[in-house]
1. Among the residues of region 86-133, what is the count of those that are among the hydrophobic types (A, V, I, L, M, F, W, C) and in contact with a His (Cβ under 8 Å, 6 or more places away or on another chain)?
2. Might you check whether a residue that is in contact with a Phe, Trp or Tyr (Cβ under 6 Å, 6 or more places away or on another chain) and either part of a loop (DSSP other than H, G, I, E, B) or open to solvent by 90 Å² or more (accessible area, probe 1.4 Å) (or both) occurs anywhere in region 73-89?
3. Among the candidates TYR156, TYR131, which residue alone is open to solvent by 80 Å² or more (accessible area, probe 1.4 Å) and in a strand (DSSP E or B)?
4. Kindly provide the set of residues from region 20-60 that are touching a residue at least 24 places away in the same chain (Cβ under 8 Å), closer than 19 Å to LEU122 by Cα and either of a type in the set (Phe, Trp, Tyr) or touching a helix residue (DSSP H, G or I) at 6+ places or on another chain (Cβ under 7 Å) (or both), ordered by number.
5. Taking interchain pairs and intrachain pairs at least six residues apart, which have beta carbon atoms under 8 angstrom, with the first residue in region 146-174 and on the phi > 0 side of the Ramachandran plot and touching a residue at least 12 places away in the same chain (Cβ under 8 Å) and the second open to solvent by 30 Å² or more (accessible area, probe 1.4 Å) and in a strand (DSSP E or B)?
6. Could you go through region 94-115 and let me know if any residue there is among the hydroxyl-bearing types (Ser, Thr, Tyr), open to solvent by 40 Å² or more (accessible area, probe 1.4 Å), more than 24 Å from HIS27 (Cβ to Cβ) and over 15 Å from the mean Cα position of the chain (by Cα).
7. Could you list, in sequence order, the residues of region 29-64 that are assigned to a loop (DSSP other than H, G, I, E, B), β-branched (Val, Ile, Thr) and closer than 20 Å to ILE134 by Cβ?
8. Please work out which one of (1) over 14 Å from the mean Cα position of the chain (by Cα); (2) assigned to a strand (DSSP E or B) is the condition ARG11 fails and give its number.
Amino acid sequence: MPSERTEVQVRPGVEGDLTALTDIYNHYVRETPITFDTAVFTPEERRPWLLSHPEDGPHRLMVATAADPTGNSQEILGYATSSPFRPKAAYATSVEVTIYLAPHAGRRGIGTLLYKALFEALAGEDVHRAYAGIAQPNEASTRLHERFGFRYVGTYREVGRKFGRYWDVAWHERDL
């Protein structure tokens with residue numbers, strides 16, 4: 001909805017966002033196979049993750065916010081990250097990207113705003129490729145990634161077990 005879209009701001013994540021970002025992530029841990037984490041986190045446990053995404057460099061954290069109705073604070077609607085693809089040095093110019101939205105924030109274009117800001121921030125970095133692993137099925141995520149030029153490259157079959165069943169992960173890549 002266009003009126004909601006104009007109210008959303010995207011900015012780098014900061015320490016003060018940690019509790020809200022942890023709450024969003026924990027929803028996906030508890031309720032979905034989108035992440036293969038199976039135990040929820042405290043904000044303190046997530047602090048190293050937040051600190052691994054500074055305001056510059058190839059590993060970023062972008063946060064979508066909207067002013068609450070009183071205008072006194074900002075509600076965090078979701079976030080996007082670029083993180084190391086793999087730990088070995090030769091992978092340094094590749095990143096893995098992901099988006100997590102607050103449960104009520106879907107279908108408002110927020111994922112699009114987050115990826116647009118993330119890829120603009122990465123444009124000046126020494127990054128060659130972005131990769132996204134999408135637990136299946138997840139048509140909305142697949143469509144979002146395709147809109148941003150990601151190409152399907154393969155599927156890891158039954159690679160994770162959560163909620164008593166196995167899940168596939170489809171991998172997509174994009175030149176940067």
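1. Residues of region 86-133 that are among the hydrophobic types (A, V, I, L, M, F, W, C), as a first pass: 89-90, 92, 95, 97, 99, 101-102, 105, 110, 113-114, 117-119, 121-123, 127, 130, 132.
With in contact with a His (Cβ under 8 Å, 6 or more places away or on another chain) added as a condition, the list becomes 95, 102, 132.
Looking only at that region, the number is 3.
2. The answer is yes, given that some residue of region 73-89 is in contact with a Phe, Trp or Tyr (Cβ under 6 Å, 6 or more places away or on another chain) and either part of a loop (DSSP other than H, G, I, E, B) or open to solvent by 90 Å² or more (accessible area, probe 1.4 Å) (or both).
3. Values: TYR131 fails: open to solvent by 80 Å² or more (accessible area, probe 1.4 Å).
Criteria check complete, one pass: TYR156.
4. LEU50, PRO58, ARG60
5. Close Cβ pairs (under 8 Å, with a partner that is open to solvent by 30 Å² or more (accessible area, probe 1.4 Å) and in a strand (DSSP E or B)) amount to GLY149/ARG174; GLY149/ASP175; GLY154/TRP171.
6. First, pick out the residues of region 94-115 that are among the hydroxyl-bearing types (Ser, Thr, Tyr): 94, 98, 100, 112, 115.
Checking the rest, the ones that are also open to solvent by 40 Å² or more (accessible area, probe 1.4 Å) come to 98, 112.
Those still in the list that are more than 24 Å from HIS27 (Cβ to Cβ) too: none.
The answer is no; no qualifying residue exists.
7. First, the residues of region 29-64 that are assigned to a loop (DSSP other than H, G, I, E, B): 32-42, 52-60.
If we keep only those that are β-branched (Val, Ile, Thr) too, we end up with 32, 34-35, 38, 40, 42.
Those that are assigned to a loop (DSSP other than H, G, I, E, B), β-branched (Val, Ile, Thr) and closer than 20 Å to ILE134 by Cβ: THR32, ILE34, THR35, THR38.
8. Of (1) over 14 Å from the mean Cα position of the chain (by Cα); (2) assigned to a strand (DSSP E or B), only one is false for ARG11: (1).
The values are calculated or read from the model by the stated rules, or taken from the named source; none is laboratory data. Nothing here was measured: the structure is a model prediction, and the numbers come from that model. Don't worry about glycine lacking a Cβ; one is built from the backbone with ideal geometry, like all the others, and counts go over all protein chains shown. Protein only, heavy atoms only, side chains kept; ligands, DNA and RNA dropped before computing areas. Shrake-Rupley method; radii C 1.70, N 1.55, O 1.52, S 1.80 Å.
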